[in-house]
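Asker: Following this message is one structure expressed as structure tokens.
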Amino acid sequence: MEGGYIRTRNKKQTKKKKETKPILEEYMSSTGLEILIGKNNKQNEYLTNRLARQYETWLHTKDIPGSHVVIKSTDVDETTLKEAATLAAYFSKARQSSSVPVDYTLIKHVKKPSGAKPGYVIYDNQTTLYVTPDEELVRKLKK
């Protein structure tokens, strides 16, 4: 540096901006359980990998891009499961389809591969429900 062969480096350190928590969509099932939805890759990442606990139920459309849906309860009834599956189908690319396959499993079976893009996950031990997206039901469940 003194001889002029290499440049001096500025010793300013750039501070990383603290990531703000993404705002998730909140819904309430007809039986009173809270349902959270991530609508983009950052929201999906935060919801699935940070916010949700391991014994909560996670839903996503099978082989179709869409939202991650989490039921914030360890004890989930059939009605809530169907409503959450309808939300998952509605907030996916299959919104206009009928009989959309929606997989559900516990969060503990959902994994993010190392080096994967935000929101990308793999999962196992799933069960598949077939639902038809219903806009009226989605409006009714909105908090």
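The values are calculated or read from the model by the stated rules, or taken from the named source; none is laboratory data. Nothing here was measured: the structure is a model prediction, and the numbers come from that model. Note: ideal-geometry Cβ built from the backbone for every residue, glycine included; neighbour counts use all protein chains shown. Note: areas computed on protein heavy atoms with side chains; ligands, DNA, RNA excluded. Shrake-Rupley method; radii C 1.70, N 1.55, O 1.52, S 1.80 Å.
Asker: For Rg and Dmax of the Cα atoms in Å, which listed value, [x] 16.2, 52; [y] 15.5, 47; [z] 20.0, 76, comes from the coordinates shown?
Answerer: [z]
Asker: On a 0 to 90° scale, report how tilted helix 78-90 is relative to the longest principal axis of the chain, with both axes built from alpha carbons and the result rounded to the nearest 10.
Answerer: 60 degrees
Asker: Right, next: Relative to the Cα centre, what is the charge dipole magnitude of the chain, using +1 at the beta carbon of each Lys and Arg, -1 at the beta carbon of each Asp and Glu, and rounding to the nearest 20 debye?
Answerer: Computed about the Cα centre, the dipole is about 1380 debye.
Asker: Heavy atoms only, 1.4 Å probe, whole protein assembly: order 127, 61 by accessible area, highest first.
Answerer: The most accessible residue leads, giving 127, 61.
Asker: If you don't mind, another one. For the chain, what is the mean residue ellipticity at 222 nm derived from helices alone (per DSSP H run of n ≥ 4: -39500 (n - 2.57); sum divided by total residues; nearest 500 deg cm²/dmol)?
Answerer: -5000 deg cm²/dmol
Asker: Taking DSSP loops as anything outside H, G, I, E and B, show the longest stretch in the chain free of chymotrypsin sites (Phe, Trp or Tyr not before Pro) there with at most 15 other beta carbons within 10 Å.
Answerer: The longest such stretch corresponds to 56-119.
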